[in-house]
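Trainee: The structure under discussion is supplied below as structure tokens; questions concerning it will follow.
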Amino acid sequence: MPETRFVDVRRFESIDSTNRYLLDEARAGAPEGVVAVADHQTAGRGRLGRTWEAPAGANLLLSVLLRPLLAPEARHLSTTAVALAAVDAIAAVVIGAAGVGVEVGIKWPNDLVASDGRKLAGVLAEADLASSGSRGLPDPVVVGIGINVNWPAVDEDLSPELRGAAVSLRQLAGGSVDRETLLEHMLLALEPRVSALSTPEGRTLLGDDLRRQCTTIGTRVRVDLPDGSFVGTAVAVTDDGHLTVDVDGVPRTVVAGDVVHVRPGS
Ligand code: BTN
């Protein structure tokens, strides 16, 4: 078994949020590499202040504590490293009924999606930049990922609003997927992805891999911002992780926000 920095794996049958737990551990001086895995979260956190819910014992709910030496404008790459590691792990572990791997892409900024656009996993990075200066440790970032592994088992498990929007590996593979095996491969895949954060060449590769996997580039999108929405064609993801959207020939940069892939004609 290759060595990784992710050997301190803390498991919880039930916890409010693995991200919250590791942020507190980071404040207390925990080193890079601590992992928190939960069977169930009572207050799972999603992006943009949303909640993240999954029934107990079905999905992979995981956070990792990183302390990457990254310039502020490159911090988003910690999230990219985790999303790409998840794509790698799924490719290694999940084989569909026809004997071929399931196809997974990344919707900007960091959702893992199936080829039909349904969401398979979400990634949430949270930083506490005030917490570690005095200890002489690099600033912490906690990156959490929730992967729909065995739930939903079928579309009917989902609320009517989520049907057609979310999917599980079980549904894509046509059978249940072992969460422990996926976790093991996730931690293995994270090691080179996190190492890549610390060199310019590594960061270039992460950006290139993100662009290769990104299903948003080339897609008609609606960008929802706090002060309104606009529609255009996503044309690039910059090295800083920002989305460039062509709006009637004028490029607009999206730093954060919600992006909806719009079907032509809708
Ligand atoms: C999203 O909104 O798409 C991001 C969801 C991130 C959910 C994961 S589950 C494990 C970790 N702990 C949390 O509280 N959230 C993340």
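The values are calculated or read from the model by the stated rules, or taken from the named source; none is laboratory data. Please read all numbers here as calculations on a predicted model, not as lab measurements. Glycine also receives a Cβ, built like all others from the backbone with ideal geometry; neighbour counts cover every protein chain displayed. Note: accessible area is taken over every heavy atom of the protein model, side chains too, but ligands, DNA and RNA are not part of it. Shrake-Rupley method; radii C 1.70, N 1.55, O 1.52, S 1.80 Å.
Trainee: Evaluate the following for R11: is it open to solvent by 40 Å² or more (accessible area, probe 1.4 Å) and either over 29 Å from G202 (Cα atoms) or in contact with a His (Cβ under 9 Å, 6 or more places away or on another chain) (or both)? Don't jump to the end; show me each part of the working.
Mentor: On the way: open to solvent by 40 Å² or more (accessible area, probe 1.4 Å): yes; either over 29 Å from G202 (Cα atoms) or in contact with a His (Cβ under 9 Å, 6 or more places away or on another chain) (or both): yes.
Yes; evaluated as a whole, the condition is true for this residue.
Trainee: Across region 31-51, which residue is nearest to the ligand (Cβ to nearest atom) among those that are assigned to a loop (DSSP other than H, G, I, E, B) and crowded, with 19+ Cβ neighbours inside 10 Å?
Mentor: Start the filter on region 31-51 by keeping residues that are assigned to a loop (DSSP other than H, G, I, E, B), which leaves 31-34, 39-40, 42-44, 46, 50.
Imposing the further condition that a residue be crowded, with 19+ Cβ neighbours inside 10 Å reduces the set to 33-34, 44.
Values: G33: 17, V34: 14, G44: 4 Å.
Applying the filter and picking the extreme gives G44.
Trainee: A follow-up question, please. Does any residue of region 167-177 turn out to be surrounded by 15 or more Cβ atoms within 10 Å (Cβ to Cβ), under 24 Å from T80 (Cβ atoms) and over 16 Å from the mean Cα position of the chain (by Cα)? Spell out the reasoning first.
Mentor: Initially, region 167-177 is screened for residues surrounded by 15 or more Cβ atoms within 10 Å (Cβ to Cβ), giving 167-173, 177.
When the remaining residues are screened for being under 24 Å from T80 (Cβ atoms), the result is 167-169, 172, 177.
Imposing the further condition that a residue be over 16 Å from the mean Cα position of the chain (by Cα) reduces the set to 172, 177.
Yes, because at least one residue in region 167-177 is surrounded by 15 or more Cβ atoms within 10 Å (Cβ to Cβ), under 24 Å from T80 (Cβ atoms) and over 16 Å from the mean Cα position of the chain (by Cα).
Trainee: Might you let me know whether region 81-92 holds any residue that is out of contact with any Lys or Arg (no Cβ under 9 Å at 6 or more places or on another chain) and free of Cβ contacts under 8 Å to residues at least 12 places away in the same chain?
Mentor: No, that holds for no residue.
Trainee: Further question: Picking from R5, R75, which residue would you name as being touching a helix residue (DSSP H, G or I) at 6+ places or on another chain (Cβ under 8 Å) and open to solvent by 50 Å² or more (accessible area, probe 1.4 Å)? Talk me through it step by step, then tell me what you get.
Mentor: Working: R75 fails: touching a helix residue (DSSP H, G or I) at 6+ places or on another chain (Cβ under 8 Å).
Among R5, R75, only R5 is touching a helix residue (DSSP H, G or I) at 6+ places or on another chain (Cβ under 8 Å) and open to solvent by 50 Å² or more (accessible area, probe 1.4 Å).
Trainee: Looking at P55, is it under 29 Å from L225 (Cβ atoms), assigned to a loop (DSSP other than H, G, I, E, B), open to solvent by 10 Å² or more (accessible area, probe 1.4 Å) and in contact (Cβ under 8 Å) with a residue 24 or more places away in the chain?
Mentor: Details: under 29 Å from L225 (Cβ atoms): no; assigned to a loop (DSSP other than H, G, I, E, B): yes; open to solvent by 10 Å² or more (accessible area, probe 1.4 Å): yes; in contact (Cβ under 8 Å) with a residue 24 or more places away in the chain: yes.
In short, no.
Trainee: Sort through A58, A54 and tell me the only one that's assigned by TED's automatic domain parsing to the domain that holds V141, within 22 Å of L169 (Cβ to Cβ) and near the ligand (Cβ under 10 Å from one of its atoms). Write out each step before concluding.
Mentor: Working: A58 fails: near the ligand (Cβ under 10 Å from one of its atoms).
Going through A58, A54 in turn, just one is assigned by TED's automatic domain parsing to the domain that holds V141, within 22 Å of L169 (Cβ to Cβ) and near the ligand (Cβ under 10 Å from one of its atoms): A54.
Trainee: Can you name the residue in region 4-29 that is more than 16 Å from the ligand (Cβ to nearest atom) and touching a residue at least 40 places away in the same chain (Cβ under 8 Å) and, of all such residues, is farthest from V123 (Cα to Cα)?
Mentor: Start the filter on region 4-29 by keeping residues that are more than 16 Å from the ligand (Cβ to nearest atom), which leaves 4-5, 7-8, 27-29.
Still in the list and also touching a residue at least 40 places away in the same chain (Cβ under 8 Å): 4-5, 27, 29.
Working: T4: 21, R5: 20, R27: 21, G29: 23 Å.
Among those that are more than 16 Å from the ligand (Cβ to nearest atom) and touching a residue at least 40 places away in the same chain (Cβ under 8 Å), it is G29.
Trainee: With the checklist (1) within 16 Å of the ligand (Cβ to nearest atom); (2) assigned to a helix (DSSP H, G or I) in hand, flag the one item G122 doesn't pass.
Mentor: In the conditions (1) within 16 Å of the ligand (Cβ to nearest atom); (2) assigned to a helix (DSSP H, G or I), G122 misses (2) alone.
Trainee: What are the residues in region 99-117 that are more than 13 Å from the ligand (Cβ to nearest atom) and in a loop (DSSP other than H, G, I, E, B), if any? If you could, list the steps in order and put the result at the bottom.
Mentor: Start the filter on region 99-117 by keeping residues that are more than 13 Å from the ligand (Cβ to nearest atom), which leaves 99-105, 114-117.
Matches in region 99-117: G99, V100, V102, E103, S115, D116, G117.
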